[in-house]
Amino acid sequence: MSATDWDEIVQEHRPILLLKPDVLVFYPTAGDPSTEKQILSDSKTFFVNAVAHELFSPLSAVMGLLELAKEGDRVQENLLKMERHLNRMQRILEQLILLSKIEQDNYQPFVRKVNLEQVLGDVVHEYEQRLAQKAISLALDKVNVMIKADEEALKIVLRNLISNALKYSKRAGHVEIKRTGDLLCIRDEGLGIPEQELKNVTARFYRAKNVRSISGSGLGLAIVKHILRRLNITWAIHSQLNAGTTVYLELVGVEE
Ligand SMILES: Nc1ncnc2c1ncn2[C@@H]1O[C@H](COP(=O)(O)OP(=O)(O)O)[C@@H](O)[C@H]1O
Ligand SMILES: [Mg+2]
């Protein structure tokens with residue numbers, strides 16, 4: 001999808017739609033207040049459910065590992081595993097705290113100038129181990145700009161998108177992150193999303209059939225959608241089964 005295609009999408013299409021069978025676009029509009037209220041109240045129930053669901057499995061894992069460690073069974077190894085689960089719980093809680101902030105009526109994003117390269121560098125760094133484990137090459141290209149963004153919210157969005165690109169890449173695959181004009185593109189050459197399921201992937205807990213053997217909660221893109229809607233940011237997913245996925249994110253206030 002070129003930048004010109006993108007302009008056409010933004011001008012011609014309204015809130016959430018499938019542009020072509022393989023491109024799903026989210027274009028936030030002010031929207032009808034009663035619909036917005038409904039979305040907010042739905043999302044409250046959603047996130048309460050999500051907390052229970054998402055925190056339960058790492059918590060049970062930590063409890064199990066703690067028992068083993070108490071008995072002196074492979075203490076060092078079990079402590080490292082516990083650390084991983086606790087880190088995951090911490091990230092989930094950070095997301096949830098931000099989300100509950102975003103849901104408040106008087107929420108004002110903390111928008112300021114952010115160095116995109118630095119933010120991307122920080123987020124990519126968090127996944128270094130995973131990159132190495134899967135022998136994935138990651139190209140971080142031409143993102144040396146300042147943008148206007150809420151850094152905390154942006155990081156959550158990027159973490160979700162980048163972790164998906166890595167998770168759904170094949171071993172020794174390639175992931176590319178680059179900027180084209182006012183768009184940030186995160187592209188992988190991984191499993192892709194079956195055409196008929198693309199429209200569902202941002203629904204809470206939805207996971208496409210072709211990835212069910214890989215672990216996940218189906219919450220990441222629902223969170224991304226929610227945050228970007230509140231921040232009024234347009235985005236799109238372009239995907240082809242077994243060929244790869246690209247997520248496009250509108251960058252606001254780009255300064256070279
Ligand atoms: N980069 C990607 N490549 C292939 N499929 C993807 C990608 N990103 C998202 N998906 C699909 O969208 C679904 C929802 O994504 P997400 O909400 O992040 O949940 P999770 O990653 O926990 O399954 C995934 O289960 C997968 O089917
Ligand atoms: Mg995910």
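The values are calculated or read from the model by the stated rules, or taken from the named source; none is laboratory data. Just so you know, these numbers come straight off a predicted model, no measurement behind them. Neighbour counts run over all protein chains shown; Cβ positions are idealised from the backbone, glycine included.
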| task | Mind counting the residues in region 52-78 that are of a type in the set (A, V, I, L, M) and touching a His at 6+ places or on another chain (Cβ under 7 Å)? | result | 2
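To keep it simple, each residue is scored yes or no on (1) basic (Lys, Arg); (2) buried (at least 16 other Cβ atoms within 10 Å of the Cβ); (3) not assigned by TED's automatic domain parsing to the domain that holds ALA135.
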{"site": "ASN164", "(1), (2), (3)": "no, yes, no"}
{"site": "LYS170", "(1), (2), (3)": "yes, no, no"}
{"site": "THR180", "(1), (2), (3)": "no, no, no"}
{"site": "ILE193", "(1), (2), (3)": "no, yes, no"}
{"site": "TYR206", "(1), (2), (3)": "no, no, no"}
{"site": "ILE214", "(1), (2), (3)": "no, no, no"}
{"site": "ILE227", "(1), (2), (3)": "no, yes, no"}
{"site": "ALA236", "(1), (2), (3)": "no, yes, no"}
| Residues within region 238-256 that are near ligand 1 (Cβ under 10 Å from one of its atoms) and surrounded by 21 or more Cβ atoms within 10 Å (Cβ to Cβ), tallied | 4
| Just wondering, is there one or more residues in region 100-123 that are modelled with pLDDT under 90, among the hydrophobic types (A, V, I, L, M, F, W, C) and within 23 Å of ASN164 (Cβ to Cβ)? | yes
| What residue, among those in region 133-162 that are closer than 27 Å to GLN240 by Cβ and surrounded by fewer than 18 Cβ atoms within 10 Å (Cβ to Cβ), is farthest from ligand 1 (Cβ to nearest atom)? | LYS142
| task | Can you tell me which residue among LYS178, LYS199 is under 22 Å from TYR127 (Cα atoms) and more than 8 Å from ligand 1 (Cβ to nearest atom)? | result | LYS178
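Residue-wise test of (1) among the aromatic types (Phe, Trp, Tyr); (2) out of contact with any Lys or Arg (no Cβ under 7 Å at 6 or more places or on another chain); (3) within 16 Å of ligand 2 (Cβ to nearest atom).
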residue	(1), (2), (3)
PHE205	yes, yes, yes
LYS209	no, yes, yes
VAL224	no, yes, yes
ILE233	no, yes, no
ILE237	no, yes, yes
GLN240	no, yes, no
ALA243	no, yes, no
